[in-house]
Protein chains: 2
Amino acid sequence: MTVYTAPLDEMRFVLYDVLGADKLLTELPGHEDHGADLIDTVLAEAAKFCEEQLLPLNRTGDEEGCSFENGVVRTPKGFKEAYETFAGGGWTGLACRPQDGGQDLPKVVNLMVEEMVCSTNLSFGTYPGLSLGAYNAIKLHAAEELKRLYLPKLADGSWSGTMCLTEPQCGTDLGLIRTRAEPQGDGTFAITGTKIFISAGEHDLTRNIVHLVLGRLPDAPAGTRGISLFLVPKFLPRSDGSEGQRNGVACGGIEHKMGLKASATCVLNFDGAKGWLIGEAHKGMRAMFTMMNAARLAVGIQGLGIAETAYQSARAYARERLQGRALNGAAAPDKPADPIIVHPDVRRLLLTIKANTEAARALALWVGLSLDIAERHADAQRRQEADDLVQLMTPIVKATLTDLGFTAANHGLQVFGGHGYIREWGMEQLVRDARITQLYEGTNGIQALDLVGRKLPTGTGRLLRRFFHPAMAWVEEHQADPAMAELVIPFAKALGRLQQATAWLAQAGLRDPNEGGAAASEYLRLFALTALAYMWVRMAKTALARPGDAEFARTKLATARFFMARLLPETGALFQSLMTGAKPLMEIEASAF
Amino acid sequence: MTVYTAPLDEMRFVLYDVLGADKLLTELPGHEDHGADLIDTVLAEAAKFCEEQLLPLNRTGDEEGCSFENGVVRTPKGFKEAYETFAGGGWTGLACRPQDGGQDLPKVVNLMVEEMVCSTNLSFGTYPGLSLGAYNAIKLHAAEELKRLYLPKLADGSWSGTMCLTEPQCGTDLGLIRTRAEPQGDGTFAITGTKIFISAGEHDLTRNIVHLVLGRLPDAPAGTRGISLFLVPKFLPRSDGSEGQRNGVACGGIEHKMGLKASATCVLNFDGAKGWLIGEAHKGMRAMFTMMNAARLAVGIQGLGIAETAYQSARAYARERLQGRALNGAAAPDKPADPIIVHPDVRRLLLTIKANTEAARALALWVGLSLDIAERHADAQRRQEADDLVQLMTPIVKATLTDLGFTAANHGLQVFGGHGYIREWGMEQLVRDARITQLYEGTNGIQALDLVGRKLPTGTGRLLRRFFHPAMAWVEEHQADPAMAELVIPFAKALGRLQQATAWLAQAGLRDPNEGGAAASEYLRLFALTALAYMWVRMAKTALARPGDAEFARTKLATARFFMARLLPETGALFQSLMTGAKPLMEIEASAF
């Protein structure tokens, strides 16, 4: 079985010591009371719920899966009770507005709670996760009457939400959407079409489900400029908020998937269902992107959550499993064999997860904190700068943390040897569950294109400055610091490569868009490793400066050194590879593959 | 659904044009008639069987799995019939001796057949695969009477075989084996103990199952020097070869696994079962290694087989799926969108599989041909040299081709986007099935230790010369060849890095064994990429020189360029990473992880 104890010390170290979030947050309007004490309490409560309620349901949920019969979807045993406890504890409304009954906590705190949920039960996490996405889209784009009816129900968790984008003929390319919306003359629309891959599209956890659906009005232009966003509830609410008549949307089946089996992935058939327009006609993509950006960050957190559990489980196994002897002599001569954590290659697997995961958490929380600053800071320029960082980093966080979740699960499984392949140990479920995160909310290849094609050119590199400026300033400040020398040199080298690749890409991409496309995935990875290295130098510096706990500082420094020595060299290969340009990818005819 | 057409042209190109195997083989005693014509016929027949019989059973076998009831294991529907056709067609005896009823074909031909079997149904392949391992161990180490009784039954496939090594407390560390063997005074032994993870340990495909079991005699020294190998049949054969009384071995259950679900992975309980010693007392590890080396090569082939199917399936999907437009303008303006093969990042995924798979096949067949030369060449020195290459390359092939199988399946799945996660498309099964190959027959970390700890030091680098000599000679011969310049330069650079890392490792490993352990995985990968690059320069040169088919040569050259440009740069990162030594891995206390 997998083991998990919420990494609260790590979270606090990053949030308070590295990012200074306790101070920053209380300077934001509405967060004055959300200091370290309150955050600590919330995190401890969340940890308790996840460890005690969600973790035990993870394996059983995978084994049982969701069932579908006559349009009804049932979640596995125990999910309904756990969801009621979760909603009853106020967790669904953690980051919702007070006027909707929410607790209005900072988004960065919510991200940490989401990490714990995903560490213990990724399937479970998809239900409230999608509700929060729907909540935010309605909050930002819907008419007041819709907000009044729907937001409190999503905040208290009695209703849940979905995002209905994909159709059989269109996934990435939403311009191909066929779902139709006919105006009914009363301000409502009749929605007709088939949506697939709808997470939490139908289930038994909530009394109602609020679908946010992309479709076309009769006068819609072709392509993505003709897509509108509609709110379509499963049950039409009465004006008092109670659930009324059933709407014309039905679940046609659930998918049989590699993993994430306790999360219902549904085919939804809309047959003249009553819907309401959210935001402006034909501007649905804009509203959807609000949801999607938040969702991409949340999916990154899913990967991070899996990586943490993979690490803790593999570490526990490596300390307990006795097999072979240390290469330089028995470490536990009184036992029949040494624990396998003595072996360099087992350590390599564990440290690769550990060094990536700790830096990934720091990166995610940096971006999470920037979300709060972007939303609430008194200074407009600080808001803009924070938003620029979020925009830049969202595809990087999504792709990098989900790739991390999958590789960490595989590294962790590898530590278990053949036992890792057996279902009862739980490691193979982590691999199967993690795999979806690299695909949904835009495949990781799409994230790379978003970075290269949209984020880099914005404001002639304006977004980039939000990373490069502080990173370069850090190098300048610490290049003469002997305590940091072994870390600052490799970091500065990676940063230099990233800058050179960025400059090359800006040129080459202008000449031929395929150059950008061909470099995108390697460029994103180069950027990510450099950003993780930046997190490591900051964490190492902070740990050294922090009074007390010498072992904590020693381990942080050693992990930083491992990252620089064994993982960061990949930047050299990525740089060399992407600089060879598009020709090696494009010269072969499709027929000759 | 996955698609597969056996890559016979690729196999023939490597075997005949690159390796000159058709000529080499017919110079070996007993293979005089095994020229290109016969090999072509065998491969075409194997392709037909695999495509028509095995591929359709792959998904259904995964869905149904094996069942266990009252000690009886049933394979999925259709497996028994397919196995009967397979055995009836003489495929189980393809590489067996004529006196046992086998066809005595070259081992390299058998490897190609195994690739096709693994491409179409990895689970099915485990049954005959293990029988061949048992056949070879008995052939090389057992007494004549045992050979006479057992070999013809294994060759004609009416009986199957197993390897019983692992116990609950010991996987990698066979020194911990507890299974006991009590001499019965009549030349037989009573075997008692529990074995786990026994592939094909119990099933309904054959009339009898021949277990090769590692155990300890009463006077056995501790550790691996006290292990003996025993033959323990499920049914005790009568002297006429018919199946007699049931022996004291029973299946206690089957494992529920991530994948490979149509292959029964059994717990076997030996309770005073009658067994016969194979080879000398206490020398079981030696006999077992005969089986294990062949098995490691065969497991590498499993990875190769999966990679080929992942490639073909993803290629077909990428040509058909319409989504988005080419970055430099519509490629199919008459269609609603372009096929996704126009996108550089989709090509990157496909070409990464293609470039690795074609070179991996060449490497495997080079080693496979060396097996035949090592066994039969008239010249003792040629035999020794060929065996040295096999010894050196076995861990590299096992680890590299299985890592390839897994990453190729994942790259292929990624091409399918969200559809790749859905069971009915078959791609996620490839990922789940491939994952075991990185674990069994020694995890890939163990392969790296075998390379660094056993193979490099043998005869002060004698084995290494079998790779370095021809590789260096190739560079020397072609460094002034303008047609090869773009390939020979990166290859020579990688080769230089490998040589430097080898020299460093020989020094550092003497100083501290953990240095070897810490470098092992990166070193194996550096070696593998260099070996794949060597295959690419040889294939490119051969394709250029081959008359006819210009498109074949053009695509081979372009794929070679892709490999050098986009994949080989990883060698730089591996070199830099491994040269940082063991300290970053070893300095953290186990308690501080």
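Give the residue that is nearest to the other protein chains (Cβ to nearest Cβ), with candidates limited to residues of the stretch B:302-333 that are assigned to a helix (DSSP H, G or I) and of a type in the set (A, V, I, L, M).
Filtering the stretch B:302-333 for residues assigned to a helix (DSSP H, G or I) gives B:302-320.
From what is left, the residues that are of a type in the set (A, V, I, L, M) are B:304, B:306-307, B:310, B:314, B:316, B:318.
Values: B:LEU304: 18, B:ILE306: 15, B:ALA307: 15, B:ALA310: 13, B:ALA314: 10, B:ALA316: 10, B:ALA318: 8 Å.
Among those residues, the one meeting the criterion is B:ALA318.
So A:LEU351 passes all but one of these: (1) at pLDDT 95 or above; (2) open to solvent by 10 Å² or more (accessible area, probe 1.4 Å); (3) of a type in the set (A, V, I, L, M). Which condition number does it fail?
(2)
Consider the stretch B:170-219. How many of its residues are touching a Pro at 6+ places or on another chain (Cβ under 8 Å) and in a loop (DSSP other than H, G, I, E, B)?
Count: 2.
How many of the residues in the stretch B:464-493 are hydrophobic (A, V, I, L, M, F, W, C) and without any contact (Cβ under 8 Å) to a residue 40 or more places away in the chain?
Total satisfying the criteria: 8.
From the list A:GLU45, A:GLU63, which one is farther than 20 Å from A:LEU105 by Cα and part of a helix (DSSP H, G or I)? Can you show your working first?
Values: A:GLU45 fails: farther than 20 Å from A:LEU105 by Cα.
After ruling out the rest, the residue left standing is A:GLU63.
So which residues in the stretch B:148-176 are without any contact (Cβ under 8 Å) to a residue 12 or more places away in the chain and either of a type outside the set (S, T, N, Q) or within 22 Å of B:GLU280 (Cα to Cα) (or both)?
Start the filter on the stretch B:148-176 by keeping residues that are without any contact (Cβ under 8 Å) to a residue 12 or more places away in the chain, which leaves B:148, B:169-170, B:173, B:176.
B:ARG148, B:CYS170, B:ASP173, B:LEU176 - these are the residues of the stretch B:148-176 that are without any contact (Cβ under 8 Å) to a residue 12 or more places away in the chain and either of a type outside the set (S, T, N, Q) or within 22 Å of B:GLU280 (Cα to Cα) (or both).
Pairs, please: C-beta under 6 Å, at least 6 apart or cross-chain, first residue facing chain B (nearest Cβ under 8 Å) and in the stretch A:561-589, second modelled with pLDDT under 95?
none
Can you name every residue in the stretch B:115-158 that is farther than 15 Å from B:HIS211 by Cα and among the charged types (D, E, K, R)?
Of everything in the stretch B:115-158, those that are farther than 15 Å from B:HIS211 by Cα and among the charged types (D, E, K, R) turn out to be B:GLU115, B:GLU144, B:GLU145, B:ARG148, B:ASP156.
Do you know which residues across the stretch A:281-301 are open to solvent by 10 Å² or more (accessible area, probe 1.4 Å) and either part of a helix (DSSP H, G or I) or among the acidic types (Asp, Glu) (or both)?
Those that are open to solvent by 10 Å² or more (accessible area, probe 1.4 Å) and either part of a helix (DSSP H, G or I) or among the acidic types (Asp, Glu) (or both): A:MET285, A:ARG286, A:PHE289, A:THR290, A:MET292, A:ASN293, A:ALA294, A:ALA295, A:ARG296, A:ALA298.
Is one or more of the residues making up the stretch A:40-61 closer than 30 Å to A:ILE198 by Cβ, touching a strand residue (DSSP E or B) at 6+ places or on another chain (Cβ under 8 Å) and not aliphatic (A, V, I, L, M)?
Checked against the condition, which is being closer than 30 Å to A:ILE198 by Cβ, touching a strand residue (DSSP E or B) at 6+ places or on another chain (Cβ under 8 Å) and not aliphatic (A, V, I, L, M), the stretch A:40-61 yields no hits at all.
Condition check ((1) under 23 Å from B:GLU570 (Cα atoms); (2) within 14 Å of chain B (Cβ to nearest Cβ); (3) hydroxyl-bearing (Ser, Thr, Tyr)) across all residues:
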| residue | (1), (2), (3) |
| --- | --- |
| A:PRO457 | no, yes, no |
| A:ARG462 | no, no, no |
| A:TRP474 | no, no, no |
| A:GLN479 | no, no, no |
| A:ALA483 | no, no, no |
| A:LEU495 | yes, no, no |
| A:GLN499 | yes, no, no |
| A:ALA518 | yes, yes, no |
| A:LEU532 | yes, no, no |
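Which of (1) open to solvent by 30 Å² or more (accessible area, probe 1.4 Å); (2) at negative phi does A:CYS96 not meet, given it meets every other one?
Here A:CYS96 meets the rest and fails (1).
Sort out which residues of the stretch B:15-38 are in contact (Cβ under 8 Å) with a residue 60 or more places away in the chain and either touching a Leu at 6+ places or on another chain (Cβ under 7 Å) or of a type in the set (Phe, Trp, Tyr) (or both), and write them in order of number.
Selection gives B:LEU15, B:LEU19, B:ALA21, B:LEU24, B:HIS31, B:HIS34.
For (1) in contact with a helix residue (DSSP H, G or I) (Cβ under 7 Å, 6 or more places away or on another chain); (2) in contact (Cβ under 8 Å) with a residue 12 or more places away in the chain; (3) not aromatic (Phe, Trp, Tyr), each residue gets a yes or a no:
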position: A:GLY226; (1), (2), (3): no, yes, yes
position: A:LEU229; (1), (2), (3): yes, yes, yes
position: A:PRO233; (1), (2), (3): no, yes, yes
position: A:LEU260; (1), (2), (3): yes, yes, yes
position: A:VAL267; (1), (2), (3): no, yes, yes
position: A:TRP276; (1), (2), (3): yes, yes, no
position: A:HIS282; (1), (2), (3): yes, yes, yes
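Quick one: B:SER370 ticks every box in (1) under 25 Å from A:SER591 (Cβ atoms); (2) open to solvent by less than 30 Å² (accessible area, probe 1.4 Å) bar one, so which box is it?
For B:SER370, the exception is condition (1).
Taking the options B:GLU428, B:GLU441, name whichever one is acidic (Asp, Glu), within 17 Å of B:ALA294 (Cα to Cα) and touching a residue at least 12 places away in the same chain (Cβ under 8 Å).
Within the list B:GLU428, B:GLU441, the selection yields B:GLU441.
For residues in the stretch A:410-468 being touching a Phe, Trp or Tyr at 6+ places or on another chain (Cβ under 9 Å), among the hydroxyl-bearing types (Ser, Thr, Tyr) and farther than 15 Å from A:THR2 by Cα, which is most open to solvent (accessible area, probe 1.4 Å)?
A:TYR440
Can you tell me which condition A:ALA543 does not meet? The list is (1) over 24 Å from the mean Cα position of the chain (by Cα); (2) away from chain B (no Cβ under 14 Å), and all the others hold.
Every condition holds for A:ALA543 apart from (2).
Check B:PRO336 against each of (1) open to solvent by less than 30 Å² (accessible area, probe 1.4 Å); (2) of a type outside the set (Phe, Trp, Tyr); (3) within 12 Å of chain A (Cβ to nearest Cβ) and name the one condition it does not meet.
Unmet for B:PRO336, out of (1) open to solvent by less than 30 Å² (accessible area, probe 1.4 Å); (2) of a type outside the set (Phe, Trp, Tyr); (3) within 12 Å of chain A (Cβ to nearest Cβ): (1).
Looking at (1) within 27 Å of A:LYS147 (Cβ to Cβ); (2) of a type in the set (A, V, I, L, M, F, W, C); (3) not in a strand (DSSP E or B), which is the one condition that is false for A:CYS266?
Every listed condition holds for A:CYS266 apart from (3).
Could you tell me which of the residues A:TYR421, A:TYR440 is more than 24 Å from the chain's Cα centre (by Cα) and facing another protein chain (nearest Cβ under 7 Å)? Steps first, please.
Working: A:TYR440 fails: more than 24 Å from the chain's Cα centre (by Cα).
Residue meeting the stated conditions: A:TYR421.
Take the conditions open to solvent by 10 Å² or more (accessible area, probe 1.4 Å), in contact with a helix residue (DSSP H, G or I) (Cβ under 7 Å, 6 or more places away or on another chain) and among the small types (Gly, Ala, Ser) and apply them to B:ALA87. Does it pass?
No.
For the subset of the stretch A:235-252 comprising residues that are open to solvent by 50 Å² or more (accessible area, probe 1.4 Å) and farther than 25 Å from A:VAL267 by Cβ, which member is modelled with the lowest pLDDT?
For the stretch A:235-252, the residue satisfying everything is A:SER239.
Being open to solvent by 10 Å² or more (accessible area, probe 1.4 Å), in contact (Cβ under 8 Å) with a residue 60 or more places away in the chain and over 18 Å from the mean Cα position of the chain (by Cα) is the filter here, so list the residues in the stretch B:107-141 that pass it.
Answer for the stretch B:107-141, where residues must be open to solvent by 10 Å² or more (accessible area, probe 1.4 Å), in contact (Cβ under 8 Å) with a residue 60 or more places away in the chain and over 18 Å from the mean Cα position of the chain (by Cα): B:LEU140, B:HIS141.
Hey, any hits in the stretch A:232-255 for a residue that's in contact with a strand residue (DSSP E or B) (Cβ under 8 Å, 6 or more places away or on another chain), in a strand (DSSP E or B) and within 14 Å of chain B (Cβ to nearest Cβ)?
yes
The values are calculated or read from the model by the stated rules, or taken from the named source; none is laboratory data. Quick caveat, the model's predicted, so the values are computed rather than measured. When we count neighbours, we look across all protein chains shown, and the Cβ atoms used for this are built from the backbone with ideal geometry, even at glycine. Just so you know, the surface numbers come from the protein's heavy atoms only, side chains and all, with ligands and any DNA or RNA stripped out. Shrake-Rupley method; radii C 1.70, N 1.55, O 1.52, S 1.80 Å.
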